[in-house]
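These notes concern the structure reproduced below.
The values are calculated or read from the model by the stated rules, or taken from the named source; none is laboratory data. These numbers were taken from a predicted model, which means no experiment stands behind them. Using ideal geometry, Cβ is built from the backbone for each residue, glycine included, and neighbour counts are taken over all protein chains shown.
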Amino acid sequence: MFKRRILYLLLGDAGLLAGSYTIAFLFARSQGYIPSMDFDLFLLLDNGLIEIAGVVATVLLGMYFLGLYERIRVQSLAGLMQDLLLVFGVAFLVTGAYRELFENANRPLALDHALWIGSRGRGADCLAIVLWL
């Protein structure tokens, strides 16, 4: 189904993308934005695990369907940046639609820690993938 090289790239990118959410959470806790929340509480009770898995899956599928794993040699840096920005833009839209449809019924926006961590995590995702190249 997948070539071994593509599978290794997918696993590496998945670890990099998921790790950026850990960095965003640790940064938020060190700055006092979420002083009383543990990482396991964020993952399990605040639907952080579903959001992280959704973003990682959306980004990986987008990069796979755009052919970024097939053509390893970069022909144009501007074209690569456009493809990456398209993938991350779609990931922003998918997670925004998920949050609007399923999560925002009873939650005030000012107290939403997952939104803060998610937005910083997606920003760290963009930066990590660009620096990874």
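Among residues of region 69-97 that are closer than 21 Å to Leu11 by Cα, those with a Cβ under 7 angstrom from a residue that is aliphatic (A, V, I, L, M) and modelled with pLDDT under 80, sequence gap 6+ or separate chain, pair up as Leu80/Val74; Leu84/Ile129; Leu84/Val130.
All told, Val56 meets the bar of being in contact (Cβ under 8 Å) with a residue 40 or more places away in the chain and within 17 Å of the chain's Cα centre (by Cα).
A quick yes/no check of all residues on (1) hydroxyl-bearing (Ser, Thr, Tyr); (2) part of a loop (DSSP other than H, G, I, E, B); (3) at negative phi; (4) touching a Pro at 6+ places or on another chain (Cβ under 7 Å):
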position	(1), (2), (3), (4)
Ala28	no, no, yes, no
Ser36	yes, yes, yes, no
Ala53	no, no, yes, no
Tyr64	yes, no, yes, no
Arg71	no, yes, yes, no
Ala78	no, no, yes, no
Leu85	no, no, yes, no
Ala91	no, no, yes, no
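When Leu16, Leu43, Leu7 are screened for being assigned to a helix (DSSP H, G or I) and at pLDDT below 80, only Leu43 passes.
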